[in-house]
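The values are calculated or read from the model by the stated rules, or taken from the named source; none is laboratory data. Bear in mind the structure is a predicted one, so any value in this text is a computation, not a measurement. Because the Cβ atoms are built from the backbone with ideal geometry, glycine has one as well, and the counts that use them run over all protein chains shown.
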Amino acid sequence: MNLIHQVSKMPNLPQPYQMRDWKKVALDYDRLVFDFEAEGDFLPLPWLDKSHINTNLDAIGLPSYINSKKNRKNAKPEGINVITAILGASACGVDKSEQNGLRFVDMLENYFSKEESLFLNTFSGKTGGSFWYETYPNLLMAALSHFYPVKWLEEKLLLVADRYVAAVEAMGGTNADFWHTSFSFSKMKPVDNGRWCEPEAAAGYAFVLYSAYQKTGKEEYLSACKKSMDFLAKCDKNPYYELLLPYSVYIAARLNAECGCSYPVEKFANWCFDGDSECRYGWGVIAERWGDCDCHGLCGSLTDWGQRWDMIPDANSGRDIDPVKSGYAFTGNTFSMAAGILSAVRYDSRFAHDAAKWFLNSANASRLFYQNAHGPKSQSCAFFTDDPDSCIAYEGLRKYWDGISPYATGDPIRYSWGSIDLGLYGSSHVGFFGAVYAPTDVEGILCLNCGAVDFIRSNLPESRLFYNPYSEEKTVSADNLPDGRWTDAATGRLLGISHNGRLTLSLAADEALLARYQKEDKS
């Protein structure tokens with residue numbers, strides 16, 4: 001029985017099955033975007049920002065979208081892009097504290113505003129414009145501290161946590177209300193622009209606060225975390241806006257497992273998938289076939305109309321396409337979802353089947369965000385040739401464009417503010433997939449390292465998630481694992497013992513197993 005409704009609509013084994021090696025894509029991406037010596041019409045991509053607004057250190061700059069080198073001279077690097085690229089590479093095993101003579105992690109201190117006592121998306125600015133833009137950089141830095149517990153970062157994250165405690169109280173404390181556009185920390189009150197709300201910020205606050213609690217044990221952080229989650233639990237309307245809500249699934253699962261809480265994890269998970277958001281109509285997870293490709297598992301708009309509000313003619317059938325049934329999936333939103341959904345499985349194994357099946361579909365379909373998955377007519381920027389490894393993705397994938405389905409594209413060309421639809425802004429999240437992904441010796445059965453995106457300190461042992469999409473039992477082997485005993489997290493039964501890094505186990509048809517590691521006692 002599926003706990004996540006949309007997953008029940010997805011195929012067990014998507015077709016065509018053309019899985020990319022996401023670890024390789026992530027490492028290729030890290031090499032390219034941080035290569036100051038790369039040569040090409042649009043390369044190199046990085047530059048050093050010497051504005052020194054918040055520190056005496058240079059900062060690393062990356063374009064949010066591919067553009068000409070001359071346009072980067074006065075560009076303002078975005079933290080959501082740069083921090084995520086460093087976090088994703090770190091999750092894949094790259095040491096970004098010092099790489100090629102540059103201290104990339106320390107460079108991120110430039111995003112900390114002394115005035116606001118928060119990490120911002122740019123080196124200067126104010127809060128009060130957009131909840132998710134102003135919350136996500138702090139979540140990312142809290143996640144990064146999992147890999148680099150350096151003094152300056154830990155000190156600043158506690159300042160952030162203190163600010164969040166005060167903000168939760170200012171929004172109502174026990175009855176905190178996040179149903180606003182943003183929160184102004186200079187005025188210490190919520191902001192409403194009269195056009196939209198971003199209440200999913202409660203999940204971002206909860207992540208930062210629980211991270212601080214795990215490091216310090218301070219009850220005020222745990223209390224504010226619970227107040228943020230209580231807001232979500234009380235909501236009778238779906239608060240999904242951009243990409244923070246999946247972290248509510250993770251934090252709810254951890255609070256239930258570690259603090260004896262009873263948050264509705266299933267409700268939160270279905271909010272992320274269903275497409276019935278009160279804040280952003282149609283925002284959820286695709287569960288259908290686009291053209292000749294299964295596009296199940298991609299995240300974005302299930303209802304984006306594509307070109308115009310009237311009916312869109314289908315070039316193949318001649319019939320009109322109802323725009324309400326169109327869609328627009330986004331690279332960054334899809335990749336980022338792994339950190340919320342897969343990490344939650346470690347604390348609530350009931351979701352093992354649905355999370356693994358979702359990832360199998362999503363990881364297979366995500367190849368369609370990249371140039372090498374398309375011919376020239378089904379993408380907007382086939383002329384771009386500076387990326388032979390195809391590690392920079394399009395901003396997104398449309399269900400229809402000019403009668404073609406699916407179509408890889410983005411907003412820059414359509415809205416005439418840029419000339420290339422390939423974006424680092426979303427591509428920088430690829431490390432979230434790369435850190436989790438590993439194949440087995442059976443095509444279509446993956447060995448997923450959910451702990452690789454569990455970005456808050458945990459005492460849980462290593463675990464691997466397996467799913468058999470076939471209609472018969474399969475015996476699979478996975479490599480590069482620590483030697484020892486592996487048991488079923490749900491039942492405790494022995495699944496197998498790994499030797500020389502290899503684990504072999506059996507999976508029944510349509511079965512998922514969360515295998516938990518236990519070092520073998522040889523005494």
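Numerical summary
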quantity: Meets criteria (closer than 19 Å to Tyr394 by Cα and surrounded by 20 or more Cβ atoms within 10 Å (Cβ to Cβ)) for Cys299; calculated: yes
quantity: Residues located in the range 435-463, provided they are touching a Cys at 6+ places or on another chain (Cβ under 9 Å) and farther than 24 Å from Asp28 by Cβ; calculated: Ser463
quantity: Contacts under 6 angstrom Cβ, first residue in the range 460-476 being more than 15 Å from Leu505 (Cβ to Cβ), partner of a type in the set (D, E, K, R), 6 or more apart; calculated: Leu460/Arg346; Pro461/Arg516
quantity: Filtered residues of the range 349-375 (kept if buried (at least 24 other Cβ atoms within 10 Å of the Cβ) and either polar (S, T, N, Q) or in a loop (DSSP other than H, G, I, E, B) (or both)); calculated: Asn361, Ser362, Asn364, Ser366
quantity: Enumeration of residues in the range 221-241 that are touching a helix residue (DSSP H, G or I) at 6+ places or on another chain (Cβ under 8 Å) and either of a type in the set (Lys, Arg) or closer than 18 Å to Leu118 by Cβ (or both); calculated: Tyr221, Ala224, Cys225, Lys226, Lys227, Ser228
quantity: Selection status of Gly101, without any contact (Cβ under 8 Å) to a residue 12 or more places away in the chain, assigned by TED's automatic domain parsing to the domain that holds Thr55, at positive phi and surrounded by fewer than 22 Cβ atoms within 10 Å (Cβ to Cβ); calculated: yes
quantity: Verdict on Glu511 being modelled with pLDDT of 95 or more, farther than 23 Å from Ser248 by Cβ and touching a His at 6+ places or on another chain (Cβ under 9 Å); calculated: yes
quantity: Among the residues listed as Phe183, Phe178, the single one being in a strand (DSSP E or B) and under 21 Å from Ala202 (Cβ atoms); calculated: Phe183
quantity: Single residue of Glu462, Glu473 found to be touching a Gly at 6+ places or on another chain (Cβ under 8 Å), modelled with pLDDT of 95 or more and of a type in the set (D, E, K, R); calculated: Glu462
quantity: In the range 49-99, the residues that are under 18 Å from Asn110 (Cα atoms), of a type in the set (D, E, K, R) and within 22 Å of the chain's Cα centre (by Cα); calculated: Glu78, Lys96
quantity: Among the residues listed as Gly204, Gly217, Gly275, the single one being in contact with a Leu (Cβ under 8 Å, 6 or more places away or on another chain) and on the phi > 0 side of the Ramachandran plot; calculated: Gly275
quantity: Which numbered condition Tyr281 misses (of (1) touching a helix residue (DSSP H, G or I) at 6+ places or on another chain (Cβ under 9 Å); (2) under 24 Å from Ser182 (Cα atoms); (3) not hydrophobic (A, V, I, L, M, F, W, C)); calculated: (1)
quantity: Filter result for Ser124 (of a type in the set (S, T, N, Q), at pLDDT 95 or above and in a loop (DSSP other than H, G, I, E, B)); calculated: no
quantity: Single match in Asn500, Asn459, Asn468, Asn480 (criterion: surrounded by 22 or more Cβ atoms within 10 Å (Cβ to Cβ) and among the polar types (S, T, N, Q)); calculated: Asn468
quantity: Complete set of residues in the range 131-162 that are free of Cβ contacts under 8 Å to residues at least 40 places away in the same chain and of a type in the set (Asp, Glu); calculated: Glu155
quantity: Residue check, Leu422 buried (at least 24 other Cβ atoms within 10 Å of the Cβ), over 19 Å from Ser343 (Cα atoms) and in contact with a Pro (Cβ under 7 Å, 6 or more places away or on another chain); calculated: no
quantity: Scan of the range 18-71 for residues that are within 30 Å of Asp441 (Cα to Cα) and without any contact (Cβ under 8 Å) to a residue 12 or more places away in the chain, ordered by number; calculated: Arg31
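Let's see how each residue does on (1) small (Gly, Ala, Ser); (2) within 16 Å of Tyr136 (Cβ to Cβ); (3) in contact (Cβ under 8 Å) with a residue 40 or more places away in the chain; (4) not assigned by TED's automatic domain parsing to the domain that holds Ser301:
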residue	(1), (2), (3), (4)
Gln214	no, no, yes, no
Tyr221	no, no, yes, no
Asp236	no, no, no, no
Tyr247	no, yes, yes, no
Trp271	no, no, no, no
Gly284	yes, no, yes, no
Arg289	no, no, no, no
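The rows are residues; the columns are (1) among the basic types (Lys, Arg); (2) under 24 Å from Lys96 (Cα atoms); (3) more than 24 Å from the chain's Cα centre (by Cα).
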| residue | (1), (2), (3) |
| --- | --- |
| Lys126 | yes, no, yes |
| Gly129 | no, no, no |
| Thr135 | no, yes, no |
| Met141 | no, yes, no |
| Tyr148 | no, yes, no |
| Leu153 | no, yes, no |
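For (1) over 29 Å from Trp290 (Cβ atoms); (2) in the same structural domain as Pro469 (by TED's automatic domain parsing); (3) surrounded by fewer than 18 Cβ atoms within 10 Å (Cβ to Cβ), each residue gets a yes or a no:
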site	(1), (2), (3)
Gln15	no, no, yes
Val33	no, no, no
Glu37	yes, no, yes
Asp41	yes, no, yes
Asp49	yes, no, no
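Matching residues to (1) within 27 Å of Ile60 (Cα to Cα); (2) assigned to a helix (DSSP H, G or I); (3) assigned by TED's automatic domain parsing to the domain that holds Pro77:
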{"site": "Lys377", "(1), (2), (3)": "no, yes, yes"}
{"site": "Phe383", "(1), (2), (3)": "no, no, yes"}
{"site": "Asp386", "(1), (2), (3)": "yes, no, yes"}
{"site": "Leu397", "(1), (2), (3)": "no, no, yes"}
{"site": "Ile413", "(1), (2), (3)": "yes, yes, yes"}
{"site": "Trp417", "(1), (2), (3)": "yes, no, yes"}
{"site": "Tyr425", "(1), (2), (3)": "yes, yes, yes"}
{"site": "Gly431", "(1), (2), (3)": "yes, yes, yes"}
